[in-house]
Structures are given as C-alpha cells and as structure tokens.
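Asker: Here it is: the structure, laid out below.
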Amino acid sequence: MNAHSISIKPFGKHAVLIEWPNKVEEEILNDILHFNQYLKQNHLEKNIWETVPAYNSLALIQKDSPIDFKTFEGQIRKWYLEKGKLVSVKKVVWKIPVCYDLDFGIDLEEVSKKLNKNIEDIVSMHTQHTYTVYGIGFLPGFMYLGGLPAALEVPRRTVPRLKVEKGAVGLAGKQTGIYPQESPGGWNIIGNCPVPIFNSDKEEPCLVSVGDKIQFHQISRAEYDLHKIEGEVGIYQMEKEGINA
C-alpha cells in the first residue's frame with residue numbers, strides 16, 4: 001500500500017490529529033485503518049491510548065498524560081514509513097433490515113418528486129448497493145455511509161426537524177445513514193430500522209466499526225414489528241459476513 005502525504009497537528013494537550021489527503025476514497029480509508037492497526041499492535045497500549053479513525057483522519061488520544069507534540073510528531077512520521085505491508089484488516093458486512101412503509105419513510109414522497117423516480121425504484125436502488133462506514137459520530141453510533149448511487153443524491157432538508165425517530169434511515173447529499181437514537185436532524189427520512197445499532201449498556205456499545213460495510217434489505221411492516229420486539233428483548237441477531245481488506 002502506497003504512503004500518502006500526511007499532516008500532523010496538536011488536538012488539545014492529550015491528542016494529535018493525523019490527516020490524509022482531503023478526499024472521500026476507500027483506498028485512503030484503508031490506509032488509515034492499516035496504520036491504526038499497526039499502531040495498536042506495535043506502539044500504542046490499549047489502556048493508555050484511544051484511536052478514532054474517520055474519512056481522511058486518525059485521532060490519537062493519550063488518556064493519562066499530555067503529549068510532547070514535537071517529539072511525538074517525529075515518532076508518528078517514522079512509524080508511518082515503517083508500517084510496511086500489514087496483514088489484512090478484518091471487516092464485517094452487516095445486513096440491516098429496513099421498513100420503507102410511508103409511515104416510516106416520511107420523506108419518501110418528497111424525495112420521489114425531487115429525484116423524478118417512483119418510490120419502488122428508490123427503495124430498490126437503496127437496497128441494491130453496499131455502503132462503506134467512513135465515520136461514526138454526531139450521535140453515538142451514527143454511521144456516515146459512503147457509496148450512495150448518484151441517482152439517490154438529494155440535498156439535506158432546508159428546515160431540520162426537531163425530532164427524528166430512533167432507527168430512522170435517511171439520505172443527505174452523497175451519504176445515507178441511520179439515527180441510532182431520537183434526535184434533531186435534517187436528513188431525508190426514507191425508512192426505519194427496528195433493531196438497535198448502538199447500546200450503551202454493552203461493553204462494545206456500537207456493533208459497527210469504521211471500514212465495515214452495510215447492506216440494507218427491505219422488510220414488511222409485520223417483520224418490522226417482530227424484529228423490534230426481538231431487538232428490545234435482546235434476541236435479534238444481526239446478519240453479518242466477515243471479509244478481509
């Protein structure tokens with residue numbers, strides 16, 4: 001894997017931010033994930049350091065003490081050149097159920113008009129593509145998913161809603177995503193996922209990691225009601241498939 005031109009800057013007293021070229025490209029994301037894995041395996045102790053990969057950056061957070069930036073910057077550059085060829089990073093393809101009924105897809109009709117496509121075609125295109133998790137943020141567990149087909153690109157709503165339901169699946173620009181909890185939001189809502197993606201009570205609260213893949217599949221209202229109950233009692237098992245990258 002080729003080395004990229006990276007920049008490194010302080011991110012408060014306890015963190016640094018490493019930035020790759022400002023592009024949304026899977027090749028750059030993979031380089032970030034490989035370097036992140038190399039650092040955790042060889043240089044950064046888990047109990048002392050936290051790492052946060054996203055899009056074109058990697059934040060390194062020292063939990064115990066302030067960072068000597070000048071010294072650490074030199075170490076990072078040396079490590080980046082030394083990382084070499086790594087074993088594959090394990091990723092997961094998650095298969096997520098979504099109900100696209102108009103009761104949930106409250107913006108589907110408006111999106112249909114804006115895109116000049118019927119609702120069935122919008123749902124079909126949304127479920128036929130595989131998306132990459134480029135970042136997790138805004139809300140705990142909120143996934144920013146790249147790979148949306150150009151035919152589904154639609155601007156954010158002009159006026160955001162004060163309340164978007166938990167599990168709402170939305171479109172905004174070149175991305176799609178799921179609201180992991182009720183919150184304000186300005187994405188165009190086209191459906192709802194009945195099972196939780198984020199659970200703060202678990203040791204690993206978020207099922208999904210940056211670099212994973214997402215595939216949506218359409219379910220009926222009856223299936224939605226069943227899976228919601230299964231999710232609430234903790235017996236729903238999200239379909240997944242392991243891949244290497």
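Asker: Length gain on complete extension for the stretch K78 to E45, per 0.36 nm per residue less the alpha carbon to alpha carbon distance? Don't jump to the answer; show the numbers that get you there.
Answerer: On the way: separation 33, 0.36 × 33 = 11.88 nm, distance 1.78 nm.
So the extension gain works out to 10.1 nm.
Asker: Something else about it: Over the chain, what is the relative contact order in whole percent, taking alpha-carbon pairs under 8 Å and six or more residues apart?
Answerer: For the chain, the relative contact order is 22 percent.
Asker: Among the DSSP beta bridges whose two residues both lie in the chain, what percent are antiparallel, rounded to the nearest 5?
Answerer: On the way: 42 of 48 bridges.
Of all bridge pairs located within the chain, approximately 90 percent are antiparallel.
Asker: Express in whole angstrom the spacing between the alpha-carbon centres of the stretch 74-139 and the stretch 147-188.
Answerer: For the stretch 74-139 versus the stretch 147-188, the Cα centre distance is 12 Å.
Asker: Spin-label point model (7 Å from Cα, Cβ direction): what's the R156 to K202 distance in nm?
Answerer: Distance between the two pseudo-spin positions: 2.8 nm.
Asker: Quick one: order D212, D101 by neighbouring beta-carbon count within 10 Å, fewest to most.
Answerer: Details: D212 21, D101 14.
Fewest-to-most ranking of D212, D101: D101, D212.
Asker: Using the Karplus curve 6.51 cos²θ - 1.76 cosθ + 1.60 with θ = phi - 60°, what ³J(HN,Hα) values do you get for each residue of the stretch 158-163, in whole Hz, with x for Gly and Pro?
Answerer: Values, residue by residue: 4, 10, x, 7, 6, 9 Hz.
Asker: Does the stretch 111-176 come out rounded, prolate or oblate, given a ≥ b ≥ c as the square roots of the eigenvalues of its C-alpha gyration tensor, rounded meaning a/c under 1.5 and, failing that, prolate meaning a/b above b/c?
Answerer: Numbers: a/c = 1.88, a/b = 1.25, b/c = 1.51.
Oblate, because a/c is 1.5 or more while a/b does not exceed b/c.
Asker: Grab the Cα-Cα distance for E182 and H217, subtract it from 0.36 nm times how many residues apart they are, and report the gain in nm with one decimal. Could the numbers behind the result be given before it?
Answerer: On the way: separation 35, 0.36 × 35 = 12.60 nm, distance 2.21 nm.
Separation in residues times 0.36 nm, less the Cα-Cα distance, equals 10.4 nm.
Asker: Right, something else. Quick one: net charge of T158's neighbours, Cβ under 15 Å, K/R +1, D/E -1? Walk me through the intermediate numbers first.
Answerer: Numbers: positive: K113, K114, R156, R157, R161; negative: D107, E110.
After counting each charged neighbour, the total is +3.
Asker: Could you pull out which residues in the stretch 27-42 have an amide N less than 18 Å from a spot 7 Å beyond the Cα of K174, following the Cα-Cβ vector?
Answerer: 27-32
Asker: Taking the Cα centre as origin and putting +1 on Lys and Arg beta-carbons and -1 on Asp and Glu beta-carbons, what dipole magnitude results for the chain, to the nearest 20 debye? Before the final figure, lay out each step's value.
Answerer: Details: 28 positive and 31 negative charges, 163 e Å.
Rounded to the nearest 20 debye, it is 780 debye.
Asker: Return the loop-located trypsin sites (Lys or Arg not before Pro) in the stretch 55-85 (DSSP other than H, G, I, E, B) with at most 12 other Cβ atoms within 10 Å of their own Cβ; answer none if there are none. Don't jump to the answer; show the numbers that get you there.
Answerer: Details: sites: K63, K70, R77, K78, K83, K85; in loops: K63, K83, K85.
Those satisfying the criteria are K63, K85.
Asker: Using the basic label-point model (7 angstrom from Cα toward the beta carbon), what is the E239 to H4 distance in nanometres?
Answerer: 3.2
Asker: Using packing as a proxy for protection, rank 133-142, 225-234, 160-169 so that the peptide with the highest average count of other Cβ atoms within 10 Å comes first. Don't skip to the end; give the middle numbers.
Answerer: On the way: 133-142: 18.7, 225-234: 14.0, 160-169: 16.9.
Per-residue mean Cβ counts within 10 Å order the peptides as 133-142, 160-169, 225-234.
Asker: Work out, in µm²/s and without decimals, the Stokes-Einstein translational diffusion coefficient of the stretch 90-244 at 20 °C, 1.002 mPa s, Rh from Kirkwood over C-alpha pairs. Working shown, then result.
Answerer: Numbers: Rh = 15.6 Å.
Diffusion coefficient, whole number: 138 µm²/s.
Asker: A further question on this structure: Given R₀ = 35 Å, FRET efficiency for E27-I229 by Cβ-Cβ distance, to 0.05?
Answerer: Numbers: r = 42 Å, r/R0 = 1.19.
Here the calculated transfer efficiency is 0.25.
Asker: Something else about it: As I understand it, the value is the acute angle between the Cα axis of helix 119-128 and the longest principal axis of the Cα atoms of the chain; what does it come to in degrees, rounded to 10?
Answerer: Helix 119-128 sits roughly 30 degrees off the main axis of the chain.
Asker: Hey, got a sec? Which GluC sites (Glu not before Pro) in the stretch 21-62 land in a DSSP loop and have at most 10 other Cβ atoms within 10 Å?
Answerer: Numbers: sites: E25, E26, E27, E45, E50; in loops: E25, E45.
Answer by residue number: E45.
Asker: For the stretch 7-82, place one equal point scatterer on every Cα, skip the solvent, and apply the Debye formula. What is log10 of I(q)/I(0) at q = 0.19 Å⁻¹?
Answerer: Ignoring solvent entirely, the Cα scatterers give -0.76.
Asker: Helix 221-233 versus the longest principal axis of the chain: what angle, 0 to 90°, nearest 10, using Cα atoms?
Answerer: It is inclined by approximately 40 degrees.
Each value in this text was obtained by applying a stated rule to the coordinates, not by laboratory testing. Remember, predicted model here, so these are calculated numbers, not experimental data. Note: ideal-geometry Cβ built from the backbone for every residue, glycine included; neighbour counts use all protein chains shown.
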